[in-house]
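Below is one structure, written out as structure tokens; the observations come after it.
The values are calculated or read from the model by the stated rules, or taken from the named source; none is laboratory data. Keep in mind the model is a prediction, meaning the values are calculated, not measured. Using ideal geometry, Cβ is built from the backbone for each residue, glycine included, and neighbour counts are taken over all protein chains shown.
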Protein chains: 2
Amino acid sequence: MTSREMKNEVYSTIAGIAKAFSNPNRLEILDLLSNGEKSVEEVAAQTAISFANASQHLQVLKKARLVRLRKDGNKVIYSLANRKVAEAWTAIKNLAETVEPTIGLTLQQYRRARQTDQSICLTELDSARYQLLDVRPAGEYHYAHLPGALSIPVNELELRLAELPKEKTIVAYCRGTYCTMADAAVQLLRSRGFNAVRLEESPADASNPA
Amino acid sequence: MTSREMKNEVYSTIAGIAKAFSNPNRLEILDLLSNGEKSVEEVAAQTAISFANASQHLQVLKKARLVRLRKDGNKVIYSLANRKVAEAWTAIKNLAETVEPTIGLTLQQYRRARQTDQSICLTELDSARYQLLDVRPAGEYHYAHLPGALSIPVNELELRLAELPKEKTIVAYCRGTYCTMADAAVQLLRSRGFNAVRLEESPADASNPA
DNA sequence: CAACTATTCAATTAAATTATTGAACAGATA
DNA sequence: TATCTGTTCAATAATTTAATTGAATAGTTG
């Protein structure tokens, strides 16, 4: 094996794994799986990806060994292979937001239009004045959640407003920076007379700091 | 802007940047530029990439804003855009080596065959018994190097053996894990009666810890 | 100004990727 | 065993990407 042969093999192998990150649908799937394991069906439902296409992208991620699967009855449940997958994904997100400021501007524009661009950090939280609220599906809350957070999935929120303390500011969070469930929750809560803001961080960020 | 439109735009933008990492030639170029700025000519010479093709890959990296360029006379000099590029590249390398053990095995096989698989860590270094040796081209040494290291480019090594202390073990390093200049240096030094090993780390690793 | 150097651009070809469709398959349920 | 459900596979078409070649460009040197 010559030096050139060794390098070609090594760089090609790494490029093959990096290629798994090069498609927007797969990135969205990685963000989703960062919040807990999901069946193909759920992945397709939670994204705008067709069922067969979601399966195909999951195959690509599997071939790159970025995800694992287990079978549960006739379902196939996918999850991230290990912590380094989320770390690499975070590093790429970080890099992208640095070199391509339009990402931040797009987010800002989306949130400004909904008046949900205000957010507070975990370190500013004071349980006397704030109530953390996890608006993700219950399964994701059970997989991992921030200490002290209440779980009310955004689609049940309207029916369960009574569970929330009127006198505190509600701090809603969801899957991460690019997830919009917390925005919807904040808008709903405000329309019902609550004080509400988004949380700056997400559980996935918190366990995989930048 | 709907939630879906926002997500599509954000994930597509990030995927576009991630795509820049999905080609083996570009990864080799990133490793090269981690060791200091280079002209297109130098990039092509140091890799197995043709001149026009190197230029093309550099354009791709430029479009993804992973590299910057400056003009010097009639040369165009490329360098990494910022620290986060090297950080993301390191995260990807780390991930790849974890999920794809063949990378490590290939490296090991290459070095075993040359008896250069032995290496020592920076923390084990004791300047009374070891002499650090930087065998990269002089320009890369001047861009950044480890404290206490001597600079003798590997292609000049044979003529400059007299500059090395016979009684110490020579610890050679080059561009990084996948660079083979230190292996060549260790082989040459041993054939001339020196004690020599590779250094585990590289300057790029040292300034961008995993 | 002519010749030279370093680089980029344009055109081409071969190969890979993406999304869609519908068929195939494997496990669970009746 | 027949049927249903969740998933994968195979075939296709549209789009991208990669490498090669040679021409074009911009700055420098004689």
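Scanning the stretch B:123-142 turns up one or more residues that are at pLDDT 95 or above and in contact with a His (Cβ under 7 Å, 6 or more places away or on another chain).
Scanning for something under 18 Å from A:ILE92 (Cβ atoms), in a helix (DSSP H, G or I), within 11 Å of DNA strand D (Cβ to nearest atom) and not assigned by TED's automatic domain parsing to the domain that holds B:TYR141, does the stretch B:38-58 turn up at least one residue? Checking the stretch B:38-58: not a single residue is under 18 Å from A:ILE92 (Cβ atoms), in a helix (DSSP H, G or I), within 11 Å of DNA strand D (Cβ to nearest atom) and not assigned by TED's automatic domain parsing to the domain that holds B:TYR141.
Taking the stretch A:61-77 as the range and being within 10 Å of DNA strand C (Cβ to nearest atom) and within 20 Å of the chain's Cα centre (by Cα) as the test, no residue passes.
Scanning the stretch A:19-37 for residues that are touching a residue at least 60 places away in the same chain (Cβ under 8 Å), within 14 Å of another protein chain (Cβ to nearest Cβ) and part of a loop (DSSP other than H, G, I, E, B) turns up A:PHE21, A:SER34. Scanning the stretch A:172-190 for residues that are closer than 16 Å to A:CYS121 by Cα and of a type in the set (A, V, I, L, M, F, W, C) yields A:ALA172, A:CYS174, A:ALA182, A:VAL186.
With respect to the stated conditions, B:TYR110 is of a type in the set (Phe, Trp, Tyr) and at the interface with chain A (Cβ under 7 Å from one of its Cβ atoms). Just a yes or no: is a residue in the stretch A:9-18 assigned to a loop (DSSP other than H, G, I, E, B), facing chain B (nearest Cβ under 8 Å) and not small (Gly, Ala, Ser)? No, every residue in the stretch A:9-18 fails to be assigned to a loop (DSSP other than H, G, I, E, B), facing chain B (nearest Cβ under 8 Å) and not small (Gly, Ala, Ser). Of everything in the stretch A:59-102 that's assigned to a helix (DSSP H, G or I) and loosely packed, with under 15 Cβ neighbours inside 10 Å, which residue is nearest to the other protein chains (Cβ to nearest Cβ)? My answer is A:THR102.
A residue that is within 25 Å of B:ASN25 (Cα to Cα), surrounded by fewer than 19 Cβ atoms within 10 Å (Cβ to Cβ) and acidic (Asp, Glu) occurs nowhere in the stretch A:24-41.
Looking across the stretch A:130-150, just one residue is assigned to a strand (DSSP E or B) and under 21 Å from A:ALA45 (Cβ atoms), and that is A:ASP134. The lone criterion from (1) within 23 Å of A:ILE14 (Cα to Cα); (2) surrounded by fewer than 19 Cβ atoms within 10 Å (Cβ to Cβ); (3) at pLDDT below 95; (4) of a type in the set (Ser, Thr, Tyr) left unmet by B:THR47 is number (2). Quick check, is A:ALA88 among the small types (Gly, Ala, Ser), within 10 Å of DNA strand C (Cβ to nearest atom) and either in contact with a Lys or Arg (Cβ under 6 Å, 6 or more places away or on another chain) or modelled with pLDDT of 95 or more (or both)? It is false that A:ALA88 is among the small types (Gly, Ala, Ser), within 10 Å of DNA strand C (Cβ to nearest atom) and either in contact with a Lys or Arg (Cβ under 6 Å, 6 or more places away or on another chain) or modelled with pLDDT of 95 or more (or both).
Do we find that A:GLN187 is assigned to a loop (DSSP other than H, G, I, E, B) and closer than 25 Å to B:VAL10 by Cβ in this structure? Criteria not met by A:GLN187. Residues that are among the charged types (D, E, K, R) and surrounded by fewer than 19 Cβ atoms within 10 Å (Cβ to Cβ) within the stretch A:112-136 comprise A:ARG112, A:ARG114, A:ASP117, A:GLU124, A:ASP126, A:ARG129, listed in sequence order. Is there a residue being closer than 25 Å to A:ILE17 by Cβ, part of a strand (DSSP E or B) and more than 13 Å from every other protein chain (Cβ to nearest Cβ) anywhere in the stretch B:113-129? Yes; the residues of the stretch B:113-129 include at least one that is closer than 25 Å to A:ILE17 by Cβ, part of a strand (DSSP E or B) and more than 13 Å from every other protein chain (Cβ to nearest Cβ).
Each row is one residue, and each column tells you yes or no for (1) in the same structural domain as B:SER34 (by TED's automatic domain parsing); (2) surrounded by 14 or more Cβ atoms within 10 Å (Cβ to Cβ); (3) not hydrophobic (A, V, I, L, M, F, W, C).
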{"residue": "B:ASN155", "(1), (2), (3)": "no, no, yes"}
{"residue": "B:GLU158", "(1), (2), (3)": "no, no, yes"}
{"residue": "B:LEU164", "(1), (2), (3)": "no, yes, no"}
{"residue": "B:THR180", "(1), (2), (3)": "no, yes, yes"}
{"residue": "B:ALA184", "(1), (2), (3)": "no, yes, no"}
{"residue": "B:ARG190", "(1), (2), (3)": "no, yes, yes"}
{"residue": "B:ASN195", "(1), (2), (3)": "no, yes, yes"}
{"residue": "B:ARG198", "(1), (2), (3)": "no, yes, yes"}
{"residue": "B:PRO203", "(1), (2), (3)": "no, yes, yes"}
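Once the stretch A:44-53 is narrowed to residues that are in contact (Cβ under 8 Å) with a residue 12 or more places away in the chain and within 14 Å of chain B (Cβ to nearest Cβ), the residue that is nearest to DNA strand C (Cβ to nearest atom) is A:ILE49.
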